[in-house]
Amino acid sequence: MAIPRLLRPSVLLRRNALYKGLFGGSRGWLAVGAVIWGRKFVKRTFGRNEEIIATEKLTKGQFLRIDAIRPPSRRELRASRRVR
């Protein structure tokens, strides 16, 4: 059985960091909050970004097919480096 959202450790850490650290003045909890929110900020800033390839409106009777391009294997990467 899953833990209720409000009792998850990550939620409790964030809540304590906010109330005890930012509003309460505890430097320890402020440091915990800086680590938690800093990690989230770095991940959002330097993480993968979506690339929009095309946008089109579909009319009645049209359909949409989305395929993922498989990344090349190590063997294929080595072969492409030799060709260059």
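The values are calculated or read from the model by the stated rules, or taken from the named source; none is laboratory data. Since this is a predicted model, take the numbers as computed values, not measurements. Heads up, the Cβs are rebuilt from the backbone with ideal geometry, glycines too, and the neighbour counts pull from every protein chain shown.
Residue pairs, Cβ under 7 Å, 6 or more apart or interchain, first in the stretch 27-39 and closer than 14 Å to residue 10 by Cα, second of a type outside the set (A, V, I, L, M, F, W, C). List them.
29/16; 29/20; 29/21; 32/21; 33/21; 36/14
Name the residue, out of 45, 59, that is polar (S, T, N, Q), loosely packed, with under 10 Cβ neighbours inside 10 Å and at pLDDT below 90. Explain how you work it out, then say what you get.
Numbers: 59 fails: at pLDDT below 90.
Unique residue meeting the criteria: 45.
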